[in-house]
Amino acid sequence: MFARVSIYDIPQDRRSEGQANFKSAVARIREMEGLINAHFLLGCDSDRAVTITFWESREAMAASRVIASRLRSEATSSVGGDVVSVEEFEVVSEA
């Protein structure tokens, strides 16, 4: 299994709007082949947000890169936010 972790800055005064935009983006990612699960997290006491997507294979994750990049850019720019980082990982252990 593989995972992509993306971190964002979302202005506090636009959190609700950001949440709606990311909910829509995650719904579109859920349609992609090879996706196992997707989560959107909002920082409790910060402007940070995180998306984590889990993929069946590295190939499936790679095939989603272009669409995921576009969706993440649209979701953040529409609320005046920024993409801080995007990293991909191999999941080597589950709790």
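Data for the structure
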{"read-out": "Filter pass, residue 26 being farther than 20 Å from residue 2 by Cα, of a type in the set (A, V, I, L, M) and surrounded by 15 or more Cβ atoms within 10 Å (Cβ to Cβ)", "value": "no"}
{"read-out": "Hey, residue 31 farther than 17 Å from residue 9 by Cα and assigned to a loop (DSSP other than H, G, I, E, B) or not", "value": "yes"}
{"read-out": "Residue 20 modelled with pLDDT of 90 or more and either outside any loop (DSSP other than H, G, I, E, B) or surrounded by fewer than 13 Cβ atoms within 10 Å (Cβ to Cβ) (or both)", "value": "no"}
{"read-out": "Residue that is nearest to the chain's Cα centre (by Cα) [pool: residues in the range 29-56 that are acidic (Asp, Glu) and exposed (fewer than 14 other Cβ atoms within 10 Å of the Cβ)]", "value": "31"}
{"read-out": "Any pair with Cβ under 8 angstrom, 6 or more apart, that starts in the range 28-42 at a residue that is in contact (Cβ under 8 Å) with a residue 24 or more places away in the chain and on the phi > 0 side of the Ramachandran plot and ends at one that is surrounded by fewer than 16 Cβ atoms within 10 Å (Cβ to Cβ) and part of a loop (DSSP other than H, G, I, E, B)", "value": "34/56; 34/57"}
{"read-out": "The range 79-95: number of residues that are within 15 Å of residue 15 (Cα to Cα) and either among the hydrophobic types (A, V, I, L, M, F, W, C) or within 15 Å of the chain's Cα centre (by Cα) (or both)", "value": "4"}
{"read-out": "Unmet criterion (only one of (1) of a type in the set (Ser, Thr, Tyr); (2) more than 15 Å from residue 3 (Cα to Cα); (3) outside any loop (DSSP other than H, G, I, E, B)) for residue 85", "value": "(2)"}
{"read-out": "Among the candidates 92, 66, 50, 83, residue that is hydrophobic (A, V, I, L, M, F, W, C) and touching a residue at least 60 places away in the same chain (Cβ under 8 Å)", "value": "83"}
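Here is a yes/no grid of residues against (1) in a helix (DSSP H, G or I); (2) of a type in the set (Val, Ile, Thr); (3) on the phi > 0 side of the Ramachandran plot:
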site	(1), (2), (3)
13	yes, no, no
44	no, no, no
51	no, yes, no
54	no, no, no
61	yes, no, no
80	no, no, yes
93	no, no, no
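The values are calculated or read from the model by the stated rules, or taken from the named source; none is laboratory data. All figures in this text were calculated on a predicted structure; none of them were measured in a lab. Note that we place each Cβ from the backbone using ideal geometry, even for glycine, and neighbour counts take in every protein chain shown.
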